Every structure is written in structure tokens, then in C-alpha cells.
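The values are calculated or read from the model by the stated rules, or taken from the named source; none is laboratory data. Computed from a prediction, not measured in an experiment: that's the story for all the values here. Heads up, the Cβs are rebuilt from the backbone with ideal geometry, glycines too, and the neighbour counts pull from every protein chain shown. When the accessible area is computed, the model is the full protein with side chains, heavy atoms only, and any ligands, DNA or RNA have been set aside. Shrake-Rupley method; radii C 1.70, N 1.55, O 1.52, S 1.80 Å.
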Amino acid sequence: MSVVLVTGAASGIGAATAREAVRRGHRVALADIDLAGATRLADRLGPAACAIPLDIRDQDAWEEAFDAVAARLGPVEVLVNNAGIIHTGYARQLSLEQHRHMVEVNLLGPMTGTLTALPRMRAQGRGHIITVCSMSSFLPLSGYTTYGATKHGLRAFHHSVAIEERGGPVTFSIVHPPGTRTPMLEQEMADPSAVITFAEKPLTPEKVASVIVDAIVKKPVEVVHPAVGGRVQRIAGVFPRLMRFVIPRVAAMAERRSRSIAPATAVVRERGDSR
Ligand SMILES: NC(=O)c1ccc[n+]([C@@H]2O[C@H](COP(=O)([O-])OP(=O)(O)OC[C@H]3O[C@@H](n4cnc5c(N)ncnc54)[C@H](O)[C@@H]3O)[C@@H](O)[C@H]2O)c1
């Protein structure tokens, strides 16, 4: 059983991952900028869990988080780089500050986490870094410009570091969830510019969490879920003419579907405090 640090663990996929990891016997540090939410969930999970304040944009906070986890649960053996944000809207509608915010959290945040973890894991002779990325790392989508750019960059960073560290004591897995019923998806469903999110039936955070916690033991190189739909998206992402032909049509289909589906308010909130 491992000591696992999960970022963004107060909500959604991170919260479900923390719950599932504790259920399977791991010791879990729930790190989040929302310390109150992480603490509420950690308290419910019992002595195998603890909450840690962490803004993943802050390099010093990362060092402090690793030290705090080592003192409370033991040295971090598995880092789940999960925390992320989205600002929905077409590129021209978002402020530069919103574009920057996504780059700082979704790209620089997990990069800083990985760079903090690497020397520590190398020194202790073991470690596993799991990146929670997105299918948008394969396929540019309207309404997801900078979000998709951060996930493309994150995937490239993750695999590049994994190649550099091959043969060393640190292993790397990357998981690409499809649409998942969390507050982030709720935000997307409420914005017509991100209507393409209605193209597929969302998964539960528990399903995605199960894939992530499986990865702690199985150490897959990359997980695309669902396997078949994911392959189609990856192929479309490789061929720009196909991509430009297909995406507007999928968006139109999703728009029609959105009118027959429950409104965004029906999306179950998955915050750690169950509100
Ligand atoms: N929900 C989806 O449909 C979906 C699909 C593909 C990928 N993802 C990815 O999964 C991950 C989790 O998403 P989610 O849907 O569970 O989101 P969510 O909004 O439910 O939870 C995100 C968590 O990250 C935390 N967070 C935000 N900024 C932070 C920061 N600077 N430092 C530390 N914590 C911070 C929030 O407080 C929150 O607890 C993200 O990386 C997201 O891009 C989500």
C-alpha cells in the first residue's frame, strides 16, 4: 500500500480518487486550494487520510506539502496530479487573465508538482507520477481553446519526462478522462460555447477514480477511456482536415442533444462536502 498525494482532492475526480484510494488501503493526502473542502472529506475518510493546503501554482507550497505529508503519513510514493480548472467561452471572449489562469493551473501547476516530486522520489528510490489529463489533449475543440492547449502541453511534458527518466526508479502514467459529472462539467454544460460537452454521456467520478487508483498498481503508460471512442478522437486529432470537418458536425449533434437532456443544474455536485 502506498502514500498517495492527490491534488484537487476537495471535489470531483480528485475527491472520488481519494475516497477510492483509502477504500483500497492506501494512505492519502488530500491537497487542495480549498482546504476546508479537503479537510471535510479527509475527516470523513479517517486516520488513513489527511488534508494539506496546496495552491499548485506555488513552488514553495509544493515543497511544504511534500514535507507535511512525509511527517503525517510517510514520504509520498504516488503523486496524482489532478487539480485543474476551466474558463469556458470562445478564445476571443475570455480575458488574457483567464487564459493565463488556465496555463498557470493546468500546465505549470502539474509541471511544478512533477519537478518537486522527481528529486525526492529519485532519492528514495521509488515513486509513481500519475497525470490526470483530458481527451482534449488529443483533439482541439471549439470552446476549449486554452484549456485544450494546456492539456496538449501537459501530455507532452508528461511523456517527455517519462522518456528522460526511463530506467530510473520513478514510473509515469497518464489518464485521460472523458466528460465526467463534476462541478467542472456543470460549468461547461451551462455555457453554450462548450456545448460539445453534450456529445457523449458523462462518466461518474467514481468510474474515473477507479481507473486512476488501478493505475497505482498497474502503472499503465497511458489510459484513454472509453477505449473505442477515445481512439476515434485521437485519430481525428491527427488529421486537421478531418478534425475541421468533424468537430462542427459533432457540435451540432451535441447542441440538439443538449436540448433533450436535463439542464446543467441536474448535474450531481461531487464536492467533498456533498453540498
Ligand atoms: N470533469 C470532466 O469532465 C473532466 C474531463 C477530462 C479531464 N478532467 C480533468 O480532471 C481534473 C479534475 O477535474 P474535476 O472535473 O474533478 O474538477 P472540479 O472542479 O470538480 O475539481 C477541481 C479541484 O481542483 C481544485 N483546484 C483548483 N485550482 C487549484 C489550485 N490552483 N491548486 C490546488 N487545487 C486547485 C479545486 O478547488 C477543486 O477542488 C482536472 O485536471 C480536469 O481538467 C475533467
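Remark: the chain is approximated by an ellipsoid whose semi-axes, taken from the C-alpha gyration tensor as √(5λ), come to 30, 21, 17 Å, largest first.
Of interest is the spacing of the C-alpha centroids, which for region 1-31 and region 62-92 amounts to 11 Å. The equivalent ellipsoid that matches the C-alpha gyration tensor of region 1-129 spans semi-axes of 26, 17, 11 angstrom, in descending order. Basic side chains Lys and Arg get +1 at the Cβ, acidic Asp and Glu get -1 at the Cβ, and with that the dipole of region 156-249 about its Cα centre reaches some 420 debye. Computed from backbone phi with θ = phi - 60° and the Karplus coefficients 6.51, -1.76 and 1.60, the 3J(HN,Hα) list for region 180-193 is 9, 6, 9, x, 5, 5, 4, 4, 5, 5, 7, 10, x, 5 Hz; x is used for glycine and proline. Across region 79-92, computed HN-Hα scalar couplings (Karplus, 6.51 cos²θ - 1.76 cosθ + 1.60, θ = phi - 60°) run 9, 9, 7, 10, 4, x, 9, 9, 10, 7, x, 5, 3, 6 Hz from first to last residue, x flagging Gly and Pro.
Considering Cα pairs under 8 angstrom that are at least six residues apart, work out the relative contact order of region 3-266 and quote it in whole percent. Numbers along the way, then the final one.
Details: 491 pairs, mean separation 48.1, N = 264.
Once normalised by length, the contact order is 18 percent.
Between the amide H of Ser11 and those of Gly272, distances stay under 5 Å, these residues lying 5 or more places away or on another chain, with hydrogens modeled in the peptide plane.
Quick check: net charge around Gly125, other residues with Cβ under 15 Å of its Cβ, Lys/Arg +1 and Asp/Glu -1? Within the 15 Å Cβ shell, the charges total +1. Sequentially through region 45-52, phi angles give Karplus couplings (6.51, -1.76, 1.60; θ = phi - 60°) of 7, x, x, 7, 10, 8, 9, 10 Hz, Gly and Pro residues having no value and appearing as x.
So, for region 3-266, what is the accessible surface per residue at a probe of 1.4 Å, expressed in square angstrom?
On the way: 11850 Å² over 264 residues.
Heavy-atom accessible area per residue stands at 45 Å².
Ranking Ser137, Ala123, Ala61 by how far each Cα lies toward the positive end of the dipole of region 3-266 (charges on Cβ) leaves Ser137 at the top. Summarise the accessible area of the chain (1.4 Å probe, protein heavy atoms) by the percent that is carbon and sulfur. It is 57 percent, rounded to a whole number.
For the listed peptides 236-244, 152-160, a ranking on the average number of other beta carbons within 10 Å per residue, highest first, reads 152-160, 236-244. Subtracting the Cα-Cα distance of Arg256 and Ser142 from their residue separation scaled by 0.36 nm leaves 39.4 nm. Here the chain is assigned +1 on the Cβ of each Lys and Arg and -1 on the Cβ of each Asp and Glu. Its dipole about the Cα centre then comes out at about 1080 debye. Annotation: amide H-H contacts under 5 Å for His128 (H modelled 1.01 Å from N, sequence separation of 5 or more, or interchain): Val78, Leu79, Thr171.
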